[in-house]
Amino acid sequence: MVDIDIKTTMYDPGVDYVLYEGERLSLDTFGVIEDSKFVNSTWFDFFKRYIVPSVEEHIIFDSIVTKIDYSNEEIKVATSNSIDSASRVIVTVPVKVLQQNMITFVPKLPLRKQNAIDKVSVWGGIKTFIEFSEKFYPALIGFEVNASSGEKLYYDVAYGQVTTQHILGLFAVGNESSPYVELSDDKLIKYILDELDTLFDGKATEHYIKHISQNWNEEPNVHSAYVSNNESWRTVKELGANVDGRLFFAGEAYTDGKDWGSVHAAVYSAKQAVKEIVHS
């Protein structure tokens, strides 16, 4: 048993609120009343502290998988640098990598699995973090969007952190990310500041310090954000199904179909894959 001492905190419904299309809403109305935030930590810190130490010596960086041959009892995994062997393999690459046929499987994946890979809807996406000299915004800023085609949300990144910095994050996926991912960096921050200035009487431009963005569409060996929230659970479940009891899949897209598209879902799918291997 591992003693985990990372602390979390919940939003304060008596103080915090959501600005939704310019209207002040309660956290309960917006559906985030039970959300928890890390205190002076992140998911990255959690993994670095509790997961990585036990596997770090086995991690090989900058080694891109190009082929997985499971035609024999011993599975061969070919990378840009070597060929490794294993009796069981967990595939965790983003599903967009499989859609682009960046990995060759021998033999080809079963038709049901390949069909699920080909037809699943994968959203593009972007995250931007903007630092301001003053906090003029609430915990969350929401917008009326077509949830079946994308999401867009500004959120207080520094909430729960022990810091004097004021950082607002933008999370946009699917169609809602289009205005952002298509812009150069200079035009992107102008677009964001103009959008926030409209909501907060010019305070965004007045208090802007700096920003950083990550366009997941442009990330090598990623090329996307998450599987669409509106995807069929049956398709997601097929993505998560193992092949021949030897080839397993884990990640935000490869689940049991009950949930997907988040760090939480990815963790649970990895745990399930390991359980299946242990009992195979």
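The residues on offer are 82, 87, and the sole one that is modelled with pLDDT under 95 and either in the same structural domain as residue 233 (by TED's automatic domain parsing) or within 15 Å of residue 248 (Cα to Cα) (or both) is 82. Filtering region 94-111 to residues that are assigned to a loop (DSSP other than H, G, I, E, B) and in contact (Cβ under 8 Å) with a residue 40 or more places away in the chain leaves 94, 100, 102, 109, 110.
For region 213-236, the candidate set comprises residues that are of a type in the set (A, V, I, L, M, F, W, C) and over 20 Å from residue 176 (Cβ atoms); within that set, the residue that is surrounded by the fewest Cβ atoms within 10 Å (Cβ to Cβ) is 233.
Can you tell me how many residues within region 183-221 are assigned to a loop (DSSP other than H, G, I, E, B) and modelled with pLDDT of 95 or more? Within region 183-221, residues that are assigned to a loop (DSSP other than H, G, I, E, B) and modelled with pLDDT of 95 or more number 5.
Against the condition more than 30 Å from residue 109 (Cα to Cα), among the small types (Gly, Ala, Ser) and within 24 Å of the chain's Cα centre (by Cα), how does residue 26 come out, does it pass? Criteria not met by residue 26.
No other residue among 170, 196, 239 is more than 23 Å from the chain's Cα centre (by Cα) and surrounded by 17 or more Cβ atoms within 10 Å (Cβ to Cβ) apart from 196.
Would you mind telling me which numbered condition in (1) at pLDDT 95 or above; (2) aliphatic (A, V, I, L, M); (3) within 16 Å of the chain's Cα centre (by Cα) residue 263 fails? Status for residue 263: all satisfied but (1).
Given the criteria crowded, with 20+ Cβ neighbours inside 10 Å, acidic (Asp, Glu), assigned by TED's automatic domain parsing to the domain that holds residue 70 and under 28 Å from residue 62 (Cβ atoms), does residue 252 qualify? Answer is yes for this residue.
Does residue 51 satisfy the criteria of being under 20 Å from the mean Cα position of the chain (by Cα), farther than 22 Å from residue 153 by Cβ and among the β-branched types (Val, Ile, Thr)? It is true that residue 51 is under 20 Å from the mean Cα position of the chain (by Cα), farther than 22 Å from residue 153 by Cβ and among the β-branched types (Val, Ile, Thr).
For region 6-60, taking the residues that are loosely packed, with under 11 Cβ neighbours inside 10 Å and among the β-branched types (Val, Ile, Thr), the one that is nearest to residue 274 (Cα to Cα) is identified as 55. On the given criteria, is residue 78 in a helix (DSSP H, G or I) and either of a type in the set (A, V, I, L, M, F, W, C) or free of Cβ contacts under 8 Å to residues at least 60 places away in the same chain (or both)? Spelling it out, it is not the case that residue 78 is in a helix (DSSP H, G or I) and either of a type in the set (A, V, I, L, M, F, W, C) or free of Cβ contacts under 8 Å to residues at least 60 places away in the same chain (or both).
Of the residues making up region 160-182, those that are in a loop (DSSP other than H, G, I, E, B) and under 26 Å from residue 15 (Cβ atoms) are 160, 161, 162, 163, 164, 165.
The values are calculated or read from the model by the stated rules, or taken from the named source; none is laboratory data. Given the structure is predicted, the values throughout are model-derived calculations rather than measurements. Here the Cβ is made from the backbone with ideal geometry for all residues, glycine too, and neighbour counts use every protein chain on show.
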